[in-house]
Amino acid sequence: SASNSYESIKFNEYDEETKFFEYIHTLGWLSSSASTMGSVRKSLVGALHSTIQDFVTNTARSDYETQLFTLVIMKWKESVLVPFVRAALRHDKDAFVREDWDNQLNLAVSEAFCNLRITEEMFDIITDYPDSETAVIELRDALFRFHTGMHYFSKKLT
């Protein structure tokens, strides 16, 4: 009986989310057109960036010995962010691919990780070396992913 009530709550939450996205899509607030980019879509992008920054900071701050970028943060992106964005764009089935959301999320996650490690923790990473070697390797990997993403999007714009 307890599992039935949980399933009911889970279904009701999904139903509410579905209705929400249907309503904002109907109102044109999630328009993918650059000239008519809806205010909700701009807010969604801002909320995603804030959520990414908060998650990365809360997950990785001051942990230099655990492999976090690929094993935790990128898996979180795949299991939480990607399904959320797909749900938000479900009325435009091609939008996720057409607008290259996967690469946009990769870029945002990599940027947040690099930002944390470089602007807030670089001194500690250096002084903790060699114990912080994992953090150095992950920073290298995140910088490579960020640089590759920036290069990719700059080529798309030209």
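The values are calculated or read from the model by the stated rules, or taken from the named source; none is laboratory data. Note that this is a predicted model, so its numbers are computed, not measured. Positions of Cβ are backbone-derived with ideal geometry, glycine not excepted, and every protein chain shown enters the neighbour counts. Ligands, DNA and RNA are stripped out before the accessible areas are found, and what is left, the full protein with its side chains, is counted by its heavy atoms. Shrake-Rupley method; radii C 1.70, N 1.55, O 1.52, S 1.80 Å.
Quick notes
- Here the alpha carbons of segment 41-86 define both size measures, Rg and Dmax, at 11.6, 37 Å.
- Ordering of 75-83, 47-55 by packing is 47-55, 75-83, highest average first (other Cβ atoms within 10 Å, averaged per residue).
- Sites Tyr152 and Ser62 - FRET efficiency at Förster radius 35 Å, r taken between beta-carbons, to 0.05: 0.65
- Applying 1/(1 + (r/R0)^6) with R0 = 25 Å to the Cβ-Cβ distance of Ile118 and Thr51 gives a FRET efficiency near 0.75.
- The mean accessible area for residues of segment 75-158, using a 1.4 Å probe and ignoring ligands and nucleic acids, is 59 Å² per residue.
- By average C-beta atoms within 10 angstrom, highest first, the peptides 133-140, 116-123: 133-140, 116-123
- Spacing of the two label points (7 Å from each Cα toward its C-beta) at Leu143 and Arg90, in nm: 4.2 nm
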